[in-house]
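The values are calculated or read from the model by the stated rules, or taken from the named source; none is laboratory data. Everything numeric here is computed off the predicted structure, so don't read it as measured data. Note that we place each Cβ from the backbone using ideal geometry, even for glycine, and neighbour counts take in every protein chain shown.
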């Protein structure tokens, strides 16, 4: 036997079930039996799309965020250009040193002032610090293997990055159309100091003569 409390609990459940049901009478032609269509109401109510005001508000917030973050993004990109230029110079020097040691022939890291291009190629025949006086037919020609290895590196200084100072073997090369830094099979290299600058900073790249390794110093 059910107690009165259990009967009341069942009654409450039936009341809630009836309230959750919506009854819609269905009209039928005259003479047809009347039927009832029963549909369960959704507890969440009807689904609504975003209104025009909500969309405009979201777009406005996105525009404000982009406006605030754009200057910081531009500054970061300018700093990134300077870091990329320093990285290209270091990579070119490392590549020239490695090829000189592996191939057993002197290599040159070349910086051209006209377009700011960086490249590595086989070194010309030199006596001391000057070119040897030989005809074109007598000059040493690089082998195909060394030429292919040298051609594997090419770099380019970004347009907003310039060279403030360029010394090779303690000689100013700022007025020269190109500067050549030699790397030798024993791991040594020419003395070289380069200062790269942009609107956001300056960095100095210097080569250690004995080891041929590059060192980077931030000036500002």
- Specify which of the listed residues (214, 150) is touching a helix residue (DSSP H, G or I) at 6+ places or on another chain (Cβ under 9 Å), closer than 18 Å to residue 111 by Cα, at pLDDT below 90 and surrounded by 14 or more Cβ atoms within 10 Å (Cβ to Cβ). 150
- Going through segment 168-186 one residue at a time, which ones are at negative phi and part of a loop (DSSP other than H, G, I, E, B)? 173, 174, 175, 176, 177, 184, 185, 186
- Count of residues meeting criterion [assigned to a loop (DSSP other than H, G, I, E, B) and out of contact with any helix residue (DSSP H, G or I) (no Cβ under 8 Å at 6 or more places or on another chain)] in segment 187-205: 3
- If residue 145 passes every condition in (1) surrounded by 10 or more Cβ atoms within 10 Å (Cβ to Cβ); (2) over 28 Å from the mean Cα position of the chain (by Cα); (3) at pLDDT below 90; (4) under 23 Å from residue 193 (Cβ atoms) but one, which one does it miss? (4)
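Matching residues to (1) surrounded by 14 or more Cβ atoms within 10 Å (Cβ to Cβ); (2) modelled with pLDDT of 90 or more; (3) in a helix (DSSP H, G or I):
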residue	(1), (2), (3)
71	no, no, yes
75	no, no, yes
97	yes, yes, yes
102	no, yes, yes
114	no, no, no
